[in-house]
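Chemist: One structure follows; several queries about it will come next.
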Amino acid sequence: MEVHKNYSLKNYNTFGIAVDAKQFVEVTTTESLKEVLQQAYASEILLLGGGSNVLFTQNVDATVVHLNLKGKKIVEETADSITIEVAAGENWHNFVRWCVENNYGGLENLSLIPGNVGTAPIQNIGAYGVEQQDCFVLCKLINKQTLEESVLKKEACNFGYRNSIFKQEAKNLYAITHVQYKLTKKAHRLHTTYGAIDKELLTQNISSPSILDISDIIIKIRQSKLPDPKKIGNSGSFFKNPIIEVSKFKAIQATHPEIPHYIVDETKVKLPAGWLIEQAGFKGYRKGDAGVHPKQALVLVNYGEATGNEILALAKTIQASIAKKFSIALEPEVNIF
């Protein structure tokens, strides 16, 4: 392992923010990860995967460990299902497409989500009516302080909307090295009612879609409204979609009858944060190189040389505006350092 001093992280975060790490090291095995953890205090280590869910606002005064563990293997297989173990450093979208191409169903709605597999359980990533927890079996962990290896099954992960035990009581305690997903081999359960999937199926005259059809359509939809991080710096959705009480929703609906919404249960309603931001006039807004994407107001972008603090200032301005206009507190989905 080569340890780099004062190493630029610009190519290791999808916002393209130019900050430096005090030290930087890439690990490709669990053994090398343990070695790095043993040589430094856990509090002085920042684990970094695909860098798709972070906003750096300052140089990192710590050792940044880039988890680049690779590999997939079959853990269990029946006539109906298959359980795959995938290493934390595998690209999420590439893994999903590999599953789809092998006719393993369950994750196709999560196509084109940026980032790596190891961070998927932390955020409990989701899109188009599906969350990774729907197929999640377990993840393998290394305790950053004790170096003890363990396994955490689905029930213990406390998955919620963009939430998990890894963002709560187990925050910063573990490094996820591998994740297992149980997928279908036949009789796939398709989710097509969320967003524009059904509409696109009709447009393409597809009456009996395959999981490949669903994946292709979601890729098309996402590419039509979301910027490519390789061209414009961004981290995808910057804010969580807020979940509010029905009473508050009805009060907003009284003045905004066209408001899109999703019923969570008899007491809660989820609102699209992008719609709220657009109503507040920020869609396409730009200040310097920090801006809001013109096609999707939920995405904050770096048009070139924006600093993390400039992106954060824009986010706070948006939060204040939404709080004033709708009395709703928008929560960031990205991790801010």
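The values are calculated or read from the model by the stated rules, or taken from the named source; none is laboratory data. Here the structure is a predicted model, which is why all the values come from computation and not from measurement. Heads up, the Cβs are rebuilt from the backbone with ideal geometry, glycines too, and the neighbour counts pull from every protein chain shown. Remember, those area values only see protein heavy atoms, side chains included, never the ligands or the DNA or RNA. Shrake-Rupley method; radii C 1.70, N 1.55, O 1.52, S 1.80 Å.
Chemist: Could you pull the accessible area for Ile336 with a 1.4 Å probe, rounded to 10 Å²?
Modeler: 70
Chemist: Then there is this: Mind ordering 317-327, 143-153 by average Cβ neighbours within 10 Å, highest first?
Modeler: 317-327, 143-153
Chemist: Here is a further query. With a sphere of radius 13 Å drawn around the Cβ of Ser52, what net charge do the other residues whose Cβ falls strictly inside it have (Lys, Arg +1; Asp, Glu -1)?
Modeler: -1
Chemist: With +1 assigned to the C-beta of every Lys and Arg and -1 to the C-beta of every Asp and Glu, and no other charges, what is the dipole magnitude of the chain about the Cα centre in debye, to the nearest 20?
Modeler: 780
Chemist: If I take all pairs of Cα atoms in region 255-337, what percentage of them are more than 16 Å from each other?
Modeler: 54
Chemist: Same structure again: Using only the Cα atoms of region 64-218, what do you get for the radius of gyration and for Dmax, in Å?
Modeler: Cα only, region 64-218: 16.0, 56 Å (Rg, Dmax).
Chemist: Give the distance, in whole Å, between the Cα centre of region 206-233 and the Cα centre of region 37-101.
Modeler: 22
Chemist: Hey, another quick one. Taking the Cα centroid of region 137-201 and of region 276-330, what is the distance between the two, rounded to the nearest whole Å?
Modeler: 29
Chemist: Also, quick follow-up: Label-point separation (nm) for Glu148 and Asp265, each offset 7 Å from Cα along Cα-to-Cβ?
Modeler: Placing both labels 7 Å beyond Cα along the Cβ direction yields 3.3 nm.
Chemist: I've got another one for you. Please work out the Cα convex hull volume for region 173-247 and give it in Å³ per residue.
Modeler: Working: hull volume 17.2 nm³, N = 75.
So the per-residue Cα hull volume is 230 Å³.
Chemist: Another question, then. What number results when the radius of gyration of region 1-64, computed over Cα atoms, is divided by 2.2 N^0.38 Å?
Modeler: 1.07
Chemist: Per residue and in Å³, how big is the convex hull formed by the alpha-carbon atoms of the chain?
Modeler: About 142 Å³ per residue, rounded to a whole number.
Chemist: Between Pro260, Gln145, Pro209, whose Cα lies farthest towards the positive end of the dipole of the chain when Lys and Arg beta carbons carry +1 and Asp and Glu beta carbons carry -1, centred on the Cα centre?
Modeler: Pro260
Chemist: Something else now. What is the P(r) of region 179-310, as percent of Cα-Cα pairs per 10 Å bin from 0?
Modeler: The percentages, shortest bin first, are 10, 29, 32, 25, 5, 0.
Chemist: Could you provide, to the nearest whole Å², the per residue accessible area of region 75-162 with probe 1.4 Å?
Modeler: On the way: 3280 Å² over 88 residues.
I get 37 Å² per residue for region 75-162.
Chemist: Which value does Rg/Rh take for region 226-292 over its C-alpha atoms, Rh per Kirkwood?
Modeler: 1.07
Chemist: How high is the relative contact order of region 17-126, in percent, with contacts defined as C-alpha pairs under 8 Å that are six or more residues apart?
Modeler: 25
Chemist: Still on this structure, please answer the following. Show the residues, 5+ positions off or on another chain, whose built amide H is closer than 5 Å to the amide H of Ser235.
Modeler: Correct list: Leu300.
Chemist: State the Kirkwood hydrodynamic radius of region 129-180 in Å, one decimal place, computed from all pairs of distinct Cα atoms.
Modeler: Taking the inverse mean of 1/r over all distinct Cα pairs, region 129-180 comes out at 11.4 Å.
Chemist: On the protein heavy atoms, probe 1.4 angstrom, tell me the percent of accessible surface of region 213-257 carried by carbon and sulfur.
Modeler: C and S fraction of accessible area: 51 percent.
Chemist: Counting only Cα, what are the radius of gyration and maximum Cα-Cα distance Dmax of region 16-106, in Å?
Modeler: 16.7, 51
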